[in-house]
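Just below is one structure, and these are the notes that go with it.
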Amino acid sequence: MSSIPASQTKPGAGGRDPVPQSPLRRAGLLVAIMLVLLGALVWSLNPPQPRLTPAPLHPLPLGCPKVSRAFVPANVTSVPDPYTDPLPESVKYRVLYRLNMEACSCGCMQSVAACRVSNRDCQTSLGRAREIVMEGRVRTPSGRDDRALAGDSGH
C-alpha cells in the first residue's frame, strides 16, 4: 500500500476539494427558493381582476352623457337645429363663433355647437342655441339693436 500520509495527497483533478456548505447557508438558500416558488404559485392561481367602476349614486338624466374632461371650444361650421345658413354671412359667423365658444350647461363639457351635433336630443343645448341665434338675428352687423332702430322699446 501507500506509505504517504493522507494529509499530503494531492487534490482531485478538479483542482480544489469542494468546500462543504454550512447548514445555516443551506437553510437560507432553501427558504429563498421556497419563497420564490410560493410567490409563483400565488401569482399563477390569482385570476385576472376586472376593472370595475362603481355605479353612480344618482341615475344620470336623459340627454348628454356626463364626462369629466376640460372644456375645449369646437370648430363646427354648421349646426343642425337651429339652422344657421339663412342668416346673413356676418351674423352667421358671429353666431357660429358664440355657439363654438360657449360651453353647454348640460354637463357634457362640449360647446353648444358640438353638443347640438353630437347629441341632438339635448334640450339644454337646443334652448341655448336658439337664444344665441335669436340674439344674432336681433343685432345688426354694426352692433346696434334693430329694435332700437325701429323705435321699439323692447317692452
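The values are calculated or read from the model by the stated rules, or taken from the named source; none is laboratory data. All of these numbers come straight from a predicted model, not from anything done at the bench. In this analysis, Cβ positions are derived from the backbone assuming ideal geometry, glycine residues included, and neighbour counts consider all displayed protein chains.
Remarks
- The set of residues from the stretch 106-138 being farther than 16 Å from L96 by Cβ, touching a strand residue (DSSP E or B) at 6+ places or on another chain (Cβ under 8 Å) and outside any helix (DSSP H, G or I) comprises just one member, M109.
- A residue that is exposed (fewer than 13 other Cβ atoms within 10 Å of the Cβ) and outside any loop (DSSP other than H, G, I, E, B) cannot be found anywhere in the stretch 74-84.
- In this structure, C104 does satisfy being at pLDDT 85 or above and surrounded by 13 or more Cβ atoms within 10 Å (Cβ to Cβ).
- Scanning the stretch 77-92 for residues that are without any contact (Cβ under 8 Å) to a residue 40 or more places away in the chain and under 15 Å from S111 (Cβ atoms) returns T77, S78.
- The set of residues in the stretch 85-101 being polar (S, T, N, Q) and crowded, with 17+ Cβ neighbours inside 10 Å consists of N100 alone.
- Within the stretch 94-131, the residues that satisfy the criterion of being touching a helix residue (DSSP H, G or I) at 6+ places or on another chain (Cβ under 9 Å) and under 13 Å from Y83 (Cα atoms) are V95, L96, L99, A113, R116, R120, L126, A129.
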